1. Is it the case that some residue within segment B:129-137 is of a type in the set (D, E, K, R) and outside any helix (DSSP H, G or I)?
2. Quick one: which residue in B:VAL657, B:VAL617, B:VAL664 is closer than 30 Å to A:ALA136 by Cα and either in contact (Cβ under 8 Å) with a residue 60 or more places away in the chain or touching a helix residue (DSSP H, G or I) at 6+ places or on another chain (Cβ under 9 Å) (or both)?
3. Considering only segment B:196-254, give the helices (runs of 4 or more DSSP H) lying wholly within it that have at least 1 residues that are more than 21 Å from B:MET128 (Cβ to Cβ) and not small (Gly, Ala, Ser).
4. Of the conditions (1) open to solvent by 20 Å² or more (accessible area, probe 1.4 Å); (2) over 23 Å from the mean Cα position of the chain (by Cα), B:ALA49 fails just one. Which one is it?
5. Under 29 Å from B:ILE660 (Cα atoms), open to solvent by 50 Å² or more (accessible area, probe 1.4 Å), at pLDDT below 90 and in a loop (DSSP other than H, G, I, E, B): does that describe A:THR100?
6. Any idea which of B:ALA632, B:ALA661, B:ALA582, B:ALA637 is open to solvent by less than 50 Å² (accessible area, probe 1.4 Å) and within 14 Å of chain A (Cβ to nearest Cβ)?
7. For the subset of segment B:392-404 comprising residues that are within 19 Å of the chain's Cα centre (by Cα) and not small (Gly, Ala, Ser), which member is surrounded by the most Cβ atoms within 10 Å (Cβ to Cβ)?
8. Quick one: A:SER171 ticks every box in (1) buried (at least 19 other Cβ atoms within 10 Å of the Cβ); (2) closer than 18 Å to A:LEU68 by Cβ; (3) away from chain B (no Cβ under 14 Å) except a single one, so which number is it?
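The values are calculated or read from the model by the stated rules, or taken from the named source; none is laboratory data. Keep in mind that what you see is a predicted model, and the values were worked out from it rather than measured. We place every Cβ from the backbone using ideal geometry, glycine too, and count neighbours over all the protein chains shown. Surface accessibility is based on the protein's heavy atoms, side chains included, excluding ligands, DNA and RNA. Shrake-Rupley method; radii C 1.70, N 1.55, O 1.52, S 1.80 Å.
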Amino acid sequence: MTLPWSAQLIHLSAALLLLLSFAMLAQRRVRSLVNLFAAQGATLVVSTVIVAWSSGQHHLYYSAAMTLVLKVFLLPAILHRLIRRLEVQWDTETLVNIPTVLLIGLLVVIFSFGLAQPISQFADTVTRSTLGIAIAVVLLAFLMMITRRKAVSQVVGFLAMENGLFFAATSATYGMPMVVELGIALDVLVGVFILGIFFFQIREQFESLDLHHLETLKED
Amino acid sequence: MTALMAGIGGPLAVVVAWLLIGLAGLLRPQSTRIVARVLFPLGAAGGVALMACAFPALSADPISVTLPLGLPDLPFHLRLDALSAFFLVLLGVASAGISIFSAGYFRDGEGTAPGLLCLQYHVFLASMALVLMANDAYGFMVAWETMALSSYFLVTTQHRIAEIRSAGFLYLLLAHVGAISILLSFGVLQGGQWQFAFDAMRQAQLSPTWASAAFFLALFGFGAKAGLVPLHVWLPEAHPAAPSPVSALMSGVMLKTALYGVLRVSFDLLHAQLWWWGAVALAAGLFTALFGVVFAAVQTDMKRLLAYSSIENIGIAFAAFGLAILFHCSGMPALAALALAAMLYHSLNHALFKSLLFLATGSVLHATHERSLGKLGGLIRRMPWVAWTALIGTFAIAGLPPLNGFVSEWLLLQSFLFTPQLPQPFANMMIPLGAAALALTAALAAYVMVKFYGVVFLGQHREPQLAEARDCSVLERVGLVWLSVGCVLLGLVPAWVLLQIDRVNVLLLGSGLELQGRSVWALVPMSSERAAYSPIVFLLGAVLVVGLTVFGVRRLYHGRVRRAPAWDCGYPLQTSRMQDTAEGFGQPIRHIFEPFFSMRRELPTPFDKAPRYRVEVLDRFWAALYLPIARAVLRVAALVGRLQHGRIGIYLLYSFVTLIALLVIVL
């Protein structure tokens, strides 16, 4: 049995998303991380447009446009600007054992597929088989947040997690209601602004954006 | 609907008015003048109105309404029956006096801004009224928690002082522990139908085990609010911390809402009682009463003394309550009605005289800035209004005829003494012991009050600055006089008051004291062959004896020639240091009841240049019960604290692991 080529394209972009997640998990440099995030957003836009075209769900075009503006242009631009202003272009994550993290990431993907199997049987969308990838993208982004110590990479992890959620919603039910999507988009935007302010505060306090300095704030 | 609203509309209008008055305080939060001269007197008028419109409801049939407020499927149900009406009258009478006193009391610069204080105060009043009218568990708990929170903010008016903050915290803690217990009690009472209106709970059939669980959860929960030992620890801390009108309101009225709750649950919502509940309540009540009065006897801070005295009075009320259950279950309706009437009467009395005394301490505090008994004295010459009204309160609380305190304690003693054979031998043994304990408590209460009044108002002033003490303002006098008149009237027409209270008996027990047709002037609880009391005759007798004595001394004794003495009976010189002190007066009690206390004493040696004597009386329950609990909580908290590393990665890992674990469980 052969799938229609639109479904194959969706599968392709899903695979790309997963690959980009792994790339982000392995990337030590902050600037490249932001670029990868923009690429992930672009892939998401492509897959959403294809889903919208093949299923005739017109509101998904709006979602795709919003994602394009927000996640491909605006947020990466803000992050790059922040990185320049904070002068952390050359920051690298030091204490991460990349091969181990990638292995854990593999386990996470297997777990996600196991998790998605019973759920995707209930979905009736053309994209249901990509649900496992969507969950994997969320969990991998989570894993990335756990393993990183620089504030900017944490924020990128947070945003990547939102990408995964968006993809999960598209693949399981052709997207969330427009109001919810608008709300989430606004949340993400405001969240990045606030975190940007926090970066400056943290740096002022500790003269570094390394989060392990925050450990001293613990109350004994 | 209009006919339905006629009865309950009045109290409801007062609640709304109080809330509006409170909100009006926020318009000019810094203006003491507007708050004190306009808003608090309006609140007092609300109290009078509440009294006037709740009183007819005592004799009316119960009225229920459903308000279009609350959550979508949980509207607030209200009900006004004789029990609610009685406590609403109590709230109205006491709050009217306290509000008008507050109008003259609150000044600038006392912690919370006056407008905010006005809001908290009136929300407190309104929530108490709603507690008394609520007819479903949801509305009851909302009002109950509002009451606890607003009173917490009132207690911590001077929140810049660390001790006051910790006293407030202790109060809030116990209030919440109690509220959880009450919530659980309602959970048991609904009996598996998940209907939380009180009407549904009245229909629920509970097995004896579950009924007992509901009763004891309610006793614990309401006991925490009322100050039943060992849940009393917040009272002696919170009352000195709070401004005096707030103490008066909490002690005089809020504790009574707890009594109301316990009555509502055990006689109204539970349709059958078990005799041993009564035995437990009786024992707990008597122990509380004795404990409270003994501790009151050794206090040296006047507000702490009154707080312990509140514990004692609550104990007396609970003892009467236990007795009522005991009699009710033993098939003695007349005696049960007598005990219940004694409890209600005592609640009303306590609301009046304890509010009066707390307000008087407030005036003393404002005039002298001194709470310690050891530094007061001789104020009757400087503050005659406060002193004379406080004297009435003191007589009343000490249980002296012809004032009101005597009537309720006498009724309770009568119900002890009338007791015939009870079916349970154990209860039979308890009754004489209980009567003895009650008599001891009453006697000690008189002792405590002699100490309180004598040390504060009589004798010579112990500190030089007391000479400048000024009497209270006009509005404060109005409040004090209002409450004193209440004490006197309740003492003079006990038969009439009992007639009103009997309607609550009929509601709760199904039968009353059958007082119809008896004289209003003499109080005859059972039959005139057994015991009768006529306050008017007593008053006339007392006036006659005092008058004759004064006349005799003036005319006959001083009429003779009497020269000034040379040695002056050994008192050629009198200083204020020769007077008996609070510590000295309480010393015999401290010796007799030594096992009750744990004491810390500082004795001076003969060689001290500046000898100092200090004694600190501590509560054994604190060390035996509360500190172990606190330590256990800290230990658990330390265990949990190990989770806190300060590393964001670890925290995220916790979330991640939890998420994975939950997903696995879902699979």
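1. Start the filter on segment B:129-137 by keeping residues that are of a type in the set (D, E, K, R), which leaves B:136.
Remaining after also requiring outside any helix (DSSP H, G or I): B:136.
Checked against the condition, which is being of a type in the set (D, E, K, R) and outside any helix (DSSP H, G or I), segment B:129-137 yields at least one hit.
2. Working: B:VAL657 fails: either in contact (Cβ under 8 Å) with a residue 60 or more places away in the chain or touching a helix residue (DSSP H, G or I) at 6+ places or on another chain (Cβ under 9 Å) (or both); B:VAL617 fails: closer than 30 Å to A:ALA136 by Cα.
Just one listed residue meets the conditions, B:VAL664.
3. Result: B:198-203, B:208-226, B:234-241.
4. The failed condition is (2).
5. Working: under 29 Å from B:ILE660 (Cα atoms): yes; open to solvent by 50 Å² or more (accessible area, probe 1.4 Å): yes; at pLDDT below 90: yes; in a loop (DSSP other than H, G, I, E, B): no.
Taking the combined requirement at face value, the residue does not satisfy it.
6. Working: B:ALA632 fails: within 14 Å of chain A (Cβ to nearest Cβ); B:ALA582 fails: within 14 Å of chain A (Cβ to nearest Cβ); B:ALA637 fails: open to solvent by less than 50 Å² (accessible area, probe 1.4 Å).
On inspection, the qualifying residue turns out to be B:ALA661.
7. As a first pass, look at segment B:392-404 and keep what is within 19 Å of the chain's Cα centre (by Cα): B:392-399, B:403-404.
From the residues that got through so far, the ones that are not small (Gly, Ala, Ser) too are B:392, B:394-395, B:397, B:403-404.
On the way: B:ILE392: 25, B:THR394: 26, B:PHE395: 24, B:ILE397: 29, B:LEU403: 27, B:ASN404: 31.
In this case the residue turns out to be B:ASN404.
8. Exception for A:SER171: condition (2).
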